[in-house]
Amino acid sequence: MIPEETIDQIRQATDIVQVISGYLRLKKRGKNYLAICPFHTEKTPSFSVSPDKQIFHCFGCGKGGNVFSFLMEHEKMPFIDVVRMLAKNANITIHEEKGTDLKRKVLERVTYTNNVAVEFFQKILTSAKYKSIVDKYLKQKRKINKEAIEYFQLGLAGEEWDGLIKYAAGRDLSPEDLVQAGLALKSEKTGKHFDRFRQRLMIPIINLSQKPIAFGGRTLKKGEPAKYINSPETSIYVKGNNLYGLNFAKDAIRETNEAYVVEGYFDVISLWQVGVKNVVASSGTSFTSQQARLLARFADKVYLFFDADSAGQQAALRSIDYLFNAGLDVKVIVPPEGEDPDSIALKYGREKIEDLKSNALDYIPYRMRDISLGNMGLIGKEKLVKELAALGDKISDPTRRSLFISSAADTLGIDPQMLRESSTTSTAQSQQIRNKQLDNNEEANLLSLLFATPGLIDSVLEKLSPEDFDSRKLARIYAAIVNQYRNKSAINIGTLIDNNDDEDFVSLVTAIASREWDADEIESNTNKALTALLAQKRKRIRTRLKQELTVAEAEGDHEKAERLMVEIRGYGLYD
Ligand SMILES: [Zn+2]
């Protein structure tokens, strides 16, 4: 770990313009510099570098970031190596520190707590009391054998409301420890603690160091609406950063250089039972870019093996972007009607899976399989051209991209050159639409003005909180700014986007921050944006108060109704 102060020191000693000019030809335009974007194909420059804010943003493809992210992306270097390289250039010595003792202790305690929970859930599963449930559900219905139960460390949460709490007490763990690990909850009414998981089959989620970091719990109660409950995020578990089963499958994946991606825990377990071991699950949530990059560390090729129903097939389509972006070769397995990986493995075994795999489709034929181009209107066809062109843009490997484009052009019956052009215009167009939305959006304007003139923050802060924003995305950026200002009494875009894996967030921040304002338009535009947002805030409060008023009147609570009326008037009844 490198101390944050050192990273700040390196940032201050580094000039983004100087670094980027070592890779691209920069031309000065206004306050900023422009270049042909290295991250997408274009003829006219839309890649902008701001020396004031020390960021870059491409108005063509949306890529943005600071000097660290530019080098990470352009040189394919991990963050830590970029920091070391820039430190060397700036003659700064790095004193790396081990994670502070306290932090390490917390992490160790949570891991220990999870270990105790695995042990407890396994004990319950093998106890005489629950034998019939286990036999009926796991062995008969799910057809999971003893070997798999042990291998995947499956367990059971019983009926007791504090079974784990009592067991953990004997292992020197307090209820508060269990809360920290996401395994217990505290009742707000009584102040008492109770187990988070009850009457559920427990599936431990294990990280690459073979430590349990979270749990998935499958209900065993009929009619229970929440089929699955998962651990909340904790100090050692971030949702969307893990792939279920990767700890078990990583060797098999490395060996074959291929991975099956399935949806659920039981798909992984059933495939493993029939001898297919290079399998991971996205576990419910749709695939994230982190998961895609994680997988790309172990394999070059991915077979998406999702349920045959439309939800499963939609999930497959949605995952493609990230997988392409991570440099993976993706094929899609189309299961027979009404089946899923779990049922196929149990009914037909390994051979059928290999058979389906050899018939897996490339993305384009998969996308086109229900589409008849002949019956498609011009608009539909144009949309499809743009969609495939945009997807082609995401493939970083030039050879693979070129193959994808020719195959897409071939399928659509158009000239590949046309598709190539469409690819650059389609991303540029969508970015233009986005810029236009940002232009007319007072919320984005206000953020952009704050980046341009950080001194404004004091007066804005006292009038607006993140909840007052309509756009959740912009609210997040505002919250980040406020948070940074409160902690560091300054706004620094570089730190705001450091090491942030959320490309959408970073792209939006750099797009907003790259906007230039003339000195004489700042005050009037700030006032305009603030007025708009405050009106929006008043309107929202008024709507809420009016709803409360309706309720109070209906309930005959005259006193409350009276009070609400006064309050509503205070917010300007008629404006
Ligand atoms: Zn670009």
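The values are calculated or read from the model by the stated rules, or taken from the named source; none is laboratory data. Treat the numbers as computed from the prediction; the structure is a model and nothing was measured. Reconstructed Cβ throughout: ideal geometry from the backbone, glycine too, with neighbour counts over all protein chains shown.
What number goes with the only condition from (1) surrounded by 16 or more Cβ atoms within 10 Å (Cβ to Cβ); (2) modelled with pLDDT of 95 or more; (3) closer than 22 Å to Leu107 by Cα that Ser174 does not pass? Going through (1) surrounded by 16 or more Cβ atoms within 10 Å (Cβ to Cβ); (2) modelled with pLDDT of 95 or more; (3) closer than 22 Å to Leu107 by Cα one by one, Ser174 breaks only (1). Restricting the search to strands (runs of 3 or more DSSP E) fully inside segment 254-342 and requiring at least 1 residues that are out of contact with any Pro (no Cβ under 6 Å at 6 or more places or on another chain), surrounded by fewer than 16 Cβ atoms within 10 Å (Cβ to Cβ) and in contact (Cβ under 8 Å) with a residue 12 or more places away in the chain gives 301-304.
Under the condition of being under 25 Å from the mean Cα position of the chain (by Cα) and closer than 26 Å to Val302 by Cα, the residues counted in segment 229-253 number 16. Which of the residues belonging to segment 121-142 are buried (at least 16 other Cβ atoms within 10 Å of the Cβ) and closer than 16 Å to Phe266 by Cβ? Selection gives Leu125, Val134, Tyr137, Leu138, Arg142.
If I ask for residues that are more than 20 Å from Asp309 (Cβ to Cβ) and in contact with a helix residue (DSSP H, G or I) (Cβ under 8 Å, 6 or more places away or on another chain), which ones from segment 342-362 would you list? Listed by number, the list holds a single entry, Asp362. Only residues that are away from the ligand (no atom under 16 Å from the Cβ), within 27 Å of the chain's Cα centre (by Cα) and not charged (D, E, K, R) were counted in segment 1-50, giving 4. Annotation note: Cβ proximity below 7 Å between a residue of segment 146-158 that is farther than 19 Å from Asn207 by Cβ and a residue that is of a type in the set (Phe, Trp, Tyr) and modelled with pLDDT under 95 (sequence gap 6+ or interchain) occurs for Leu156/Tyr130; Gly158/Tyr130. Each residue in segment 183-234 was checked for being farther than 15 Å from Phe121 by Cα, in a loop (DSSP other than H, G, I, E, B) and of a type in the set (S, T, N, Q), and 5 of them qualify. Hey, does segment 152-161 have a residue that's among the aliphatic types (A, V, I, L, M), over 16 Å from Phe197 (Cβ atoms) and not in a helix (DSSP H, G or I)? No, every residue in segment 152-161 fails to be among the aliphatic types (A, V, I, L, M), over 16 Å from Phe197 (Cβ atoms) and not in a helix (DSSP H, G or I). Checking each residue of segment 60-75 against the condition of being without any contact (Cβ under 8 Å) to a residue 40 or more places away in the chain and within 16 Å of the ligand (Cβ to nearest atom) gives at least one match.
Only residues that are among the small types (Gly, Ala, Ser) and within 18 Å of Trp272 (Cβ to Cβ): list them for segment 116-161, please.
Of segment 116-161, the ones among the small types (Gly, Ala, Ser) are 117, 127-128, 132, 148, 155, 157-158.
Once the filter is applied, which keeps residues that are among the small types (Gly, Ala, Ser) and within 18 Å of Trp272 (Cβ to Cβ), segment 116-161 yields Ala148, Gly155.
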